[in-house]
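Participant: I am attaching a structure below and will ask some questions about it afterwards.
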Amino acid sequence: MRNILIVGAGQAGLQLALSLRAEGYDVTLMSARTPDEIRTGWPTSTQAMFDLALSSERAYQLDGWQSQTPQIQGLHVVLSAPPGEMAFGAPCPLDAPAQSVDQRVKMAQWLLDAEDRGVEVIYNSVTTQDLDALTQLGRYDLTIVAAGKGELVAMFDRDDNRSVFTSPQRGLAVSYVHGLAPDPRWPVPHVGFHAIPGLGELFVIPGLTNSGPCDILFWEAVPGGPLDRYADAVGRMAPQLHLQITLELIQEYLPWVHERAGAVELTDAKATLHGRYTPTIRRPVAHLPGGGRVLGLADVVIANDPITGQGSNTAAKAADYYLKSILARGGHPFDETWMNATFEGFWTAHGAAVTGWTNAMLQPLPPHVQQLLGAAAGNQDVARRFANGFSDPNDFGNWLMDPDKATAYLAEVCAA
């Protein structure tokens with residue numbers, strides 16, 4: 001059986017390793033951290049995974065948290081205009097629940113599962129020089145890089161034609177918390193999407209962490225604006241100060257959320273994350289000094305801003321797409337032509353739609369999108385379609401992303 005090397009133990013790398021192993025492949029996975037180091041470390045992400053992405057986990061019995069994780073029933077889109085005053089709120093129900101499992105929980109367990117299921121797991125950081133040496137061993141039929149941070153990412157050239165931005169578009173600040181009261185306006189578990197035009201957004205995501213069910217308070221701040229209060233921190237900000245700033249901003253700009261936050265506390269001593277990065281699309285194949293070729297996966301090659309909550313979803317879909325492409329390849333070589341074709345196939349199937357939609361959401365919302373969101377507040381068909389687009393963003397191209405299609409859709413809905 002063919003032997004695959006995967007470098008990186010996040011959503012995409014671990015999901016691909018486990019699913020390939022289930023299909024009988026020999027898989028070696030390299031992780032920079034052990035399960036204990038991940039479980040007791042700092043969070044690396046937020047995540048709200050929707051049904052289409054979750055189905056790729058369920059297919060290989062990788063969804064071990066169903067009974068413990070809050071079942072997210074939809075999104076509540078709230079517009080604050082002017083800041084501090086609610087203009088409208090639109091509950092947008094999902095057809096199938098979403099869920100959010102802290103990657104400290106999920107990746108630690110998946111690493112243990114990988115070892116139990118016969119994946120050769122090597123705990124070691126990997127440099128470009130290491131990877132060059134590994135590809136020259138002749139042991140691996142295919143090497144995939146799924147480590148979205150660190151020096152390995154720099155091996156993959158920026159795709160200027162598909163990369164719109166040259167600087168970060170948001171400052172990101174995350175707090176995992178216990179004690180947030182349910183939203184009285186829509187008490188079921190849901191993702192709260194609170195937009196403050198020109199300043200940024202707050203997302204409130206029900207999730208599961210090491211200490212049980214929780215909520216994630218996630219600020220996306222326009223750089224240099226009044227919400228961007230984490231930017232001057234040198235290194236990692238003290239978690240309690242981080243939470244204090246988060247709650248102060250909520251009190252000032254979203255008082256209806258602050259009403260629910262009287263008993264909020266951090267879930268653990270390492271429950272915060274802040275930073276920023278430039279959304280970038282990279283070319284899928286990296287050329288190593290010794291002549292080797294490696295294929296990039298997920299946020300190595302498609303790193304979008306998290307404003308649309310698509311990072312883990314895109315990673316899961318990419319792992320599933322690459323899996324199917326590897327299986328279909330049979331005994332043929334995984335050459336550079338195949339690598340490029342695999343990525344381009346994924347880009348056409350998923351990557352282009354989510355990137356275009358995410359980039360659009362980073363800009364001031366055009367009038368037709370504001371009109372659609374306003375319509376969602378009073379029309380369940382519009383609200384439901386908007387929510388389910390988070391599961392498959394391809395649908396947004398049929399109505400949300402195009403002013404003429406949006407106008408036609410609203411006319412059709414109103415006439416029904």
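Participant: Calculate the FRET efficiency for T407 and T128 from the Cβ-Cβ distance with a Förster distance of 51 Å, rounded to the nearest 0.05.
Facilitator: 0.50
Participant: What are the ³J(HN,Hα) couplings of segment 265-275, residue after residue, when phi is run through the Karplus curve with 6.51, -1.76, 1.60 and θ = phi - 60°? Round to Hz, x for glycine and proline.
Facilitator: 8, 5, 6, 6, 6, 10, 10, 10, 7, 8, x
Participant: Taking the highest mean first, how do the peptides 1-14, 359-372 order by number of other beta carbon atoms within 10 angstrom per residue?
Facilitator: Order by mean packing, descending: 1-14, 359-372.
Participant: Count charges around Q244 for me, please; just the other residues with Cβ under 13 Å from its Cβ, Lys/Arg as +1, Asp/Glu as -1.
Facilitator: After counting each charged neighbour, the total is -2.
Participant: If Lys and Arg each add +1 and Asp and Glu each add -1, what is the summed charge of the other residues whose beta carbon sits under 15 Å from the beta carbon of A416?
Facilitator: Every neighbour counted, the sum reads 0.
Participant: Which semi-axis lengths, in whole Å and largest first, follow from the square roots of five times the eigenvalues of the Cα gyration tensor of segment 350-394?
Facilitator: After scaling each eigenvalue by five and taking roots: 19, 15, 6 Å.
Participant: For a quick check, take a GNM of the chain with Cα springs below 10 Å and name the residue from R293, R282, R139 with the largest mean-square fluctuation.
Facilitator: For the chain, modelled as a Gaussian network with Cα springs under 10 Å, the answer is R139.
Participant: Under 10 °C and 1.306 mPa s, how fast does segment 367-415 diffuse according to Stokes-Einstein, given a Kirkwood radius computed over C-alpha pairs? Answer in µm²/s, whole number.
Facilitator: Estimated diffusion coefficient is 150 µm²/s.
Participant: May I pose another question? Longest segment of the chain with no GluC sites (Glu not before Pro) in a DSSP loop having at most 14 other Cβ atoms within 10 Å?
Facilitator: 86-258
Participant: Count charges around A181 for me, please; just the other residues with Cβ under 15 Å from its Cβ, Lys/Arg as +1, Asp/Glu as -1.
Facilitator: -2
Participant: How large is the convex hull of the Cα atoms of the chain per residue, expressed in Å³ as a whole number?
Facilitator: That works out to 139 Å³ per residue.
Participant: Report the relative contact order of the chain, percent, no decimals, based on alpha-carbon pairs under 8 angstrom and at least 6 residues apart.
Facilitator: RCO, the chain: 22 percent.
Participant: Separate question: To the nearest 0.05, what FRET efficiency results for E23 and L112 with a Förster distance of 30 Å applied to their C-beta separation?
Facilitator: 0.90
Participant: Using only helices, what value at 222 nm comes out for the chain when you add -39,500 (n - 2.57) per DSSP H run of length 4 or more and divide by the total residues, to the nearest 500 deg cm²/dmol?
Facilitator: The per-residue figure over the chain is -10000 deg cm²/dmol.
Participant: Count the DSSP beta bridges whose two residues both fall in the chain, then state the antiparallel fraction as a percent rounded to the nearest 5.
Facilitator: Bridges in the chain are about 65 percent antiparallel.
Participant: Continuing with this model, one more query. Calculate the length of the line joining the C-alpha centroid of segment 131-171 to that of segment 79-121, in whole Å.
Facilitator: Between the Cα centre of segment 131-171 and that of segment 79-121, the gap is 24 Å.
Participant: If you average the C-alpha positions of segment 335-385 and of segment 176-252 separately, how far apart do those two centres end up, in angstrom?
Facilitator: 24
Participant: Let me ask something else about it. Give the relative contact order (percent, whole number) for segment 367-415; include only Cα pairs under 8 Å separated by 6+ residues.
Facilitator: Normalised by residue count, the contact order of segment 367-415 is 38 percent.
Participant: Sort S391, S19 so the one with the fewest other Cβ atoms within 10 Å of its own Cβ comes first.
Facilitator: Starting with the residue having the fewest Cβ neighbours, the order is S391, S19.
Participant: Starting from the Cα of T348, move 7 Å in the Cα-to-Cβ direction to define the label point; list residues of segment 273-295 whose amide nitrogen is under 13 Å from there.
Facilitator: No residues fall inside that zone.
Each value in this text was obtained by applying a stated rule to the coordinates, not by laboratory testing. These numbers come from a predicted model, not from an experiment. As a convention, Cβ positions derive from the backbone with ideal geometry for all residues, glycine included, and neighbour counts pool all protein chains shown.
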